[in-house]
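The values are calculated or read from the model by the stated rules, or taken from the named source; none is laboratory data. Keep in mind the model is a prediction, meaning the values are calculated, not measured. All Cβ positions, even for glycine, are placed from backbone atoms using ideal geometry, and neighbour counts span all protein chains on display.
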Amino acid sequence: MKVSVIGTGYVGLVSGVCLAERGHQVTCVDVDRQKINQINQAISPIYEQGLEELLKKNIHVNLQATTDLHRSVLATDLSLIAVGTPFNGLEIDLRYIEEVSYQIGKALKEKPTYHLVVVKSTVVPGTTDEVVLPILEDVSGKKAGVDFGVGMNPEFLREGEAVQDFMYPDRIVLGGMDEKSTSLLEQLYSVFEDVEQLKTNNKTAEMIKYTANALLATMISFSNEIANLCAAIGGIDVVEGMKGVHLDKRLSPILPNRQRITPALTTYLQAGCGFGGSCFPKDVKALKAHGVKAGSPMRILEAVIAVNTEQPNQVLLRLKKHFPQLEGVRIAVLGLAFKPGTDDMRESPAISVIKELKIQGAEIRAYDPIATHEAQKIFGNYGLIFCHNLAQAIYDVQAILILTCWEEFKQVPELLKYLDSQPLVIDGRRMLDKHSVAKYEGIGL
Ligand SMILES: NC(=O)c1ccc[n+]([C@@H]2O[C@H](COP(=O)([O-])OP(=O)(O)OC[C@H]3O[C@@H](n4cnc5c(N)ncnc54)[C@H](O)[C@@H]3O)[C@@H](O)[C@H]2O)c1
């Protein structure tokens, strides 16, 4: 099929490249000319494992990139909208969705053949039918269900594993305003075999995405609240406590041969310094706001947000226990991205921790295996020392804060053995053995 993907961020670019790899003719569209130039030069503007290889393989073969949305819509059968949907402090901000809908509507006005417009961005229930569809009809002067169709296809990829998740999805949700829209969307995904597809209406498709994210965020905040209680009571290590919970056979099923399956879901039931990223924080807030609007307030989600906002502070509390005055204290911050495997720093707990350390006058050495260039955009003039490797970051510091669960940080205990004085290690992700370093503090301990 001929497909245009509007917005070439994490979702749009990965979707475009992977759909091209699966044999579709894809045109990626963005307003950011620099991104488009990079894509056309086979350089990925974002880091995702395996993405650049697939981009190199497909660009100028099955894949092209342009800033010309109008021509792209005219030249394709189906458009996927994958622009950002931030939270504006009060509710979901649909300005990019509205702008793209308007632009697509203008192109549809000139298009003699049927076109399917599919929202892939995460949008609150009702957006596709009640915002996108009317804009398309108004601007194009055409009729939805006759001249064009409208669908909703939420994306479940995880940053850090985005290519793998897209190429081998666990589910495909196909929302559509009518049978024609859904079956065209089904055709797009027919190149993905052995995957369960769920056909539904647009509103349900929108709700599925929010419910999935809200559930995972709730599990994280629940675990963090339990961790904080364990620490407050004393004599309980939340890691052991949670291990006991994970052993419930409904969470970690036992096979007939007595072996355990450890589902990835249990990683959301672990203590840490809070969730971040471009999705969970904004999506939970948007759903909560939408609940109020719909007359059904989401009390659990209010608590999920409150716990998460406070959680990075748990790292600082432990630091202050040992260093009541942070002025001039040399601190290594390990991990800047919101999670391992990505360079995405959006809403990363590292941001609030670093800001607070800076306010209190600490000397910060920051290290992340791949997110340094993103961090420099945020902390460019903050006077942070960005280190090139782990050893450099932890050399001659008084405290080490682990904020992202990068595999590489498991080397910290070994590297510390070569140093004369031993810094305090605050494990914000509970990834180290608590006995492996001289001075250890961890969330939920
Ligand atoms: N990042 C994730 O892991 C993830 C996962 C699932 C769903 N989502 C959802 O997917 C959507 C996109 O997220 P993202 O992380 O890819 O966003 P992003 O910010 O990385 O990318 C959005 C892109 O859209 C472009 N854009 C904005 N206005 C445009 C316009 N008028 N025309 C063309 N391009 C335009 C921007 O320049 C940018 O490149 C969001 O709704 C998000 O919630 C994200």
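Observations on the structure shown:
- Some residue of the range 320-327 being assigned to a helix (DSSP H, G or I), closer than 22 Å to Gly444 by Cβ and in contact with a strand residue (DSSP E or B) (Cβ under 8 Å, 6 or more places away or on another chain): yes
- Candidates in the range 90-132 are the residues that are under 16 Å from Leu185 (Cβ atoms) and more than 27 Å from the chain's Cα centre (by Cα); of these, the one that is farthest from the ligand (Cβ to nearest atom) is Tyr114.
- Residue list for the range 330-377, restricted to those being of a type in the set (Gly, Ala, Ser), within 23 Å of Arg158 (Cβ to Cβ) and away from the ligand (no atom under 14 Å from the Cβ): Gly335, Ala350, Ser352, Ala371, Ala375
- Residues located in the range 328-371, provided they are of a type outside the set (A, V, I, L, M, F, W, C), in contact with a strand residue (DSSP E or B) (Cβ under 7 Å, 6 or more places away or on another chain) and crowded, with 19+ Cβ neighbours inside 10 Å: Gly335, Arg365, Tyr367
- Looking only at residues of the range 133-159 that are under 25 Å from the mean Cα position of the chain (by Cα) and crowded, with 21+ Cβ neighbours inside 10 Å, we find that the one that is farthest from Pro86 (Cα to Cα) is Gly151.
- Candidates in the range 44-78 are the residues that are touching a helix residue (DSSP H, G or I) at 6+ places or on another chain (Cβ under 7 Å) and among the β-branched types (Val, Ile, Thr); of these, the one that is nearest to Leu13 (Cα to Cα) is Ile46.
- If you go through the range 169-185 and keep only what is within 22 Å of Arg158 (Cα to Cα) and without any contact (Cβ under 8 Å) to a residue 40 or more places away in the chain, you end up with Pro169, Asp170, Arg171, Ile172, Val173, Leu174.
- The residues of the range 388-398 that are within 23 Å of Gly442 (Cβ to Cβ) and either free of Cβ contacts under 8 Å to residues at least 24 places away in the same chain or among the β-branched types (Val, Ile, Thr) (or both), listed by number, are Ile394, Val397.
- Scanning the range 214-240 for residues that are free of Cβ contacts under 8 Å to residues at least 24 places away in the same chain and not hydrophobic (A, V, I, L, M, F, W, C) yields Gly234, Gly235, Glu240.
Condition check ((1) surrounded by 14 or more Cβ atoms within 10 Å (Cβ to Cβ); (2) of a type in the set (A, V, I, L, M, F, W, C); (3) within 13 Å of Val333 (Cα to Cα)) across all residues:
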{"residue": "Gln376", "(1), (2), (3)": "yes, no, no"}
{"residue": "Gln392", "(1), (2), (3)": "yes, no, yes"}
{"residue": "Ala399", "(1), (2), (3)": "yes, yes, yes"}
{"residue": "Leu403", "(1), (2), (3)": "yes, yes, yes"}
{"residue": "Lys417", "(1), (2), (3)": "no, no, no"}
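- Of all residues in the range 120-146, those satisfying the criterion of being in contact with a Leu (Cβ under 7 Å, 6 or more places away or on another chain) and of a type outside the set (Val, Ile, Thr) are Lys120, Leu136, Ser140, Lys142, Ala144.
- Checking each residue in the range 71-102 for being free of Cβ contacts under 8 Å to residues at least 40 places away in the same chain and not hydroxyl-bearing (Ser, Thr, Tyr) picks out Arg71, Leu74, Asn88, Gly89, Asp93, Leu94, Arg95, Ile97, Glu98, Glu99.
- Considering the conditions (1) surrounded by fewer than 17 Cβ atoms within 10 Å (Cβ to Cβ); (2) of a type in the set (Ser, Thr, Tyr); (3) in contact (Cβ under 8 Å) with a residue 12 or more places away in the chain, Thr211 is excluded by exactly one of them, (3).
- Filtering the range 350-386 to residues that are hydrophobic (A, V, I, L, M, F, W, C) and free of Cβ contacts under 8 Å to residues at least 24 places away in the same chain leaves Ile359, Ile385, Phe386.
- The residues in the range 41-64 that are within 16 Å of the ligand (Cβ to nearest atom), crowded, with 16+ Cβ neighbours inside 10 Å and either farther than 17 Å from Phe166 by Cα or not assigned by TED's automatic domain parsing to the domain that holds Pro169 (or both) can be counted, and the count is 2.
- Those residues of the range 18-57 which are out of contact with any strand residue (DSSP E or B) (no Cβ under 7 Å at 6 or more places or on another chain), of a type in the set (Gly, Ala, Ser) and farther than 26 Å from Glu99 by Cα, in sequence order: Gly23, Gly50
Conditions tested, residue by residue: (1) surrounded by 17 or more Cβ atoms within 10 Å (Cβ to Cβ); (2) not polar (S, T, N, Q).
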residue: Asp170; (1), (2): no, yes
residue: Leu174; (1), (2): yes, yes
residue: Asp178; (1), (2): no, yes
residue: Gln187; (1), (2): no, no
residue: Thr204; (1), (2): no, no
residue: Thr218; (1), (2): yes, no
residue: Ser221; (1), (2): yes, no
residue: Ile226; (1), (2): yes, yes
residue: Ile236; (1), (2): no, yes
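- The residue pairs whose first member lies in the range 399-415 and is within 12 Å of Arg318 (Cβ to Cβ), whose second member is charged (D, E, K, R) and part of a loop (DSSP other than H, G, I, E, B), and whose beta carbons are closer than 7 Å, counting only pairs six or more residues apart or on different chains, are Ile402/Arg429.
- Restricting attention to the range 142-195, the residues being under 25 Å from Lys106 (Cβ atoms) and away from the ligand (no atom under 16 Å from the Cβ) number 17.
- Residue among Glu414, Glu407 that alone is more than 24 Å from Asn224 (Cβ to Cβ) and among the acidic types (Asp, Glu): Glu414
- Flag for Ser252 being away from the ligand (no atom under 16 Å from the Cβ), of a type in the set (S, T, N, Q), within 16 Å of Met207 (Cβ to Cβ) and surrounded by fewer than 21 Cβ atoms within 10 Å (Cβ to Cβ): no
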